[in-house]
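The values are calculated or read from the model by the stated rules, or taken from the named source; none is laboratory data. This structure is a prediction, so every number in the text was calculated from the model and none was measured. Methodologically, a virtual Cβ is constructed for each residue, glycine included, from the backbone with ideal geometry; neighbour enumeration extends over all protein chains shown.
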Amino acid sequence: MKKLALVLAVLALLAAPVYPSLAADAAKEPIRIGELYPNSTVPDQAKDWNAGWKMALEEINDAGGVLGKPLEVIARDDKSSPSETIKALEEFKGREGINIFFGTLLSHTSLAASQYAKQNHMLMLKGAGGSAKLNEESGHDLYFQLGAPTSVWAGYFAKTLSPMGKKRWAIVSADYEMGRSTVAQFQTAIMKQDPSVEFVETQWFPIGKLDAGATSQALSRAKPDAIFAILWGGDYARFVREGSKRGLFKDRLVASPICGADSYIRPLGKEAPVGWHSTQGFPAQNLTDPMGKDFTQKYKNTYGEYPYLQAFMGYSSLKILAEAINKAGTDDPDKVANVMRSNAFTIPSDTIRFRADGLSTLGEWVGQTGFVDGVPTIANPEYINAQQFLPTAEENIAKRTK
């Protein structure tokens, strides 16, 4: 019943027009910003993302809006498609007169959105992490990113796992920009740590279409010491079930970025893997900072569950943009970008800054999968400084195409 109540509450929010609080002065023209997310293709993550930013929107407008005006968010589904992304951005820019937008999830749509923003003088804030290309060769002065890029995962896992002495690695990954980028960076990083490492099998698959049985068989035949996997959602669940059934993970080290995130691992219940090296996402129940505790409690009171990573990202993204517009005194993209690069922003769990290349200083929660009070999660999450695994802002900017 709790789950049904949550779904109904979120559906009600999604169905309602995204207008400012009634407390705002209706006579004032609102400040409008755009929002993009693949609602139809990743509905579970979209539910969390939308719940997060809509809670932030209500708080912002209840506190007086932005620049003394109501804040309005024009939301569109990018359908995980670059062409749909561009279509939505053309509507934002042309019909709605929007200068600033946030969101996107998958790296290939984010790259398309970022290039449109560059060409049409719009500021973009991506909540989730993604391919390092977004901040390197494809980066620009109006692109900002809250989540860490894939190079952080690659660097962290290489440094952590190399001392364990595993020489024969197998790779399994969804065949898309973020998967390709993460795999390439991990291979480079771990071979730098240990040049004797070899990659004995690589399996690529289309997102959402993993043949888990055939993939597990191919990996088993290669007899790897360790597996590096980039997968999520239904593909992750199928891989865990088929691999466990065939003994693929027995006595093998497994590293899988994002598989420890609560929104991915909890649906597996008792079938969830134990001992996999991963990132957690957002450890809502472990937060001690006042804003983090307040956000977590309010979210739980509203939706009946703890916030997952995408809820945190959606909430924090909109809060950051509202604060930056207020400090800039305008929604002019250049002036807002200058504020974002020169100010600290307090969000649930941390106070962060944006570097010159648009990347934030937000860290990552990492550890090994396990069970806490019978619930699958990262058993002992550790918050790491992402900056130690990143090129400097100057190095990223030097790689950019003009």
Given the options Ser138, Ser173, Ser107, name the one that is modelled with pLDDT under 95 and touching a helix residue (DSSP H, G or I) at 6+ places or on another chain (Cβ under 7 Å). Ser107
Please determine whether any residue of the stretch 108-131 is out of contact with any Ser or Thr (no Cβ under 8 Å at 6 or more places or on another chain), surrounded by fewer than 23 Cβ atoms within 10 Å (Cβ to Cβ) and not assigned by TED's automatic domain parsing to the domain that holds Ser81. no
Looking at (1) more than 21 Å from Ser110 (Cβ to Cβ); (2) within 23 Å of the chain's Cα centre (by Cα); (3) buried (at least 24 other Cβ atoms within 10 Å of the Cβ), find the lone condition where Thr160 falls short. (3)
List the strands (runs of 3 or more DSSP E) that sit entirely inside the stretch 287-402 and contain at least 1 residues that are modelled with pLDDT of 95 or more and under 26 Å from Ala56 (Cβ atoms). 344-347, 350-353
Have a look at Asp235, Asp289 and point out the one that is in contact with an Asp or Glu (Cβ under 9 Å, 6 or more places away or on another chain) and charged (D, E, K, R). Asp289
Being assigned by TED's automatic domain parsing to the domain that holds Ile230 and of a type in the set (Phe, Trp, Tyr), is that true of even one residue in the stretch 250-270? yes
Condition test on Thr182, is it in contact with a Pro (Cβ under 7 Å, 6 or more places away or on another chain), hydroxyl-bearing (Ser, Thr, Tyr) and crowded, with 18+ Cβ neighbours inside 10 Å? yes
Selection within the stretch 31-53 - under 18 Å from the mean Cα position of the chain (by Cα) and surrounded by fewer than 22 Cβ atoms within 10 Å (Cβ to Cβ): Asn39, Ser40, Thr41, Val42, Pro43, Asp44, Ala46
Checking Ala212, Ala226 in turn, the sole residue that is among the hydrophobic types (A, V, I, L, M, F, W, C) and under 25 Å from Ser162 (Cβ atoms) turns out to be Ala226
Any idea how many residues of the stretch 208-240 are touching a strand residue (DSSP E or B) at 6+ places or on another chain (Cβ under 6 Å) and touching a residue at least 60 places away in the same chain (Cβ under 8 Å)? 2
Among the residues of the stretch 351-363, is there at least one that is touching a strand residue (DSSP E or B) at 6+ places or on another chain (Cβ under 6 Å), closer than 21 Å to Asn380 by Cβ and among the hydrophobic types (A, V, I, L, M, F, W, C)? yes
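So that you can scan it fast, the table gives a plain yes or no per residue for (1) farther than 18 Å from Trp169 by Cα; (2) at pLDDT 95 or above; (3) over 17 Å from the mean Cα position of the chain (by Cα); (4) not in a loop (DSSP other than H, G, I, E, B):
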residue: Ile227; (1), (2), (3), (4): no, yes, yes, yes
residue: Phe239; (1), (2), (3), (4): no, yes, yes, yes
residue: Gly243; (1), (2), (3), (4): no, yes, yes, yes
residue: Gly247; (1), (2), (3), (4): no, yes, yes, no
residue: Pro257; (1), (2), (3), (4): no, no, no, no
residue: Gly260; (1), (2), (3), (4): yes, no, no, no
residue: Ser263; (1), (2), (3), (4): yes, no, no, yes
residue: Val274; (1), (2), (3), (4): yes, yes, yes, no
residue: Phe282; (1), (2), (3), (4): yes, no, no, no
Any idea which of Lys126, Lys79, Lys87 is within 16 Å of Leu36 (Cα to Cα), over 21 Å from the mean Cα position of the chain (by Cα) and among the charged types (D, E, K, R)? Lys87
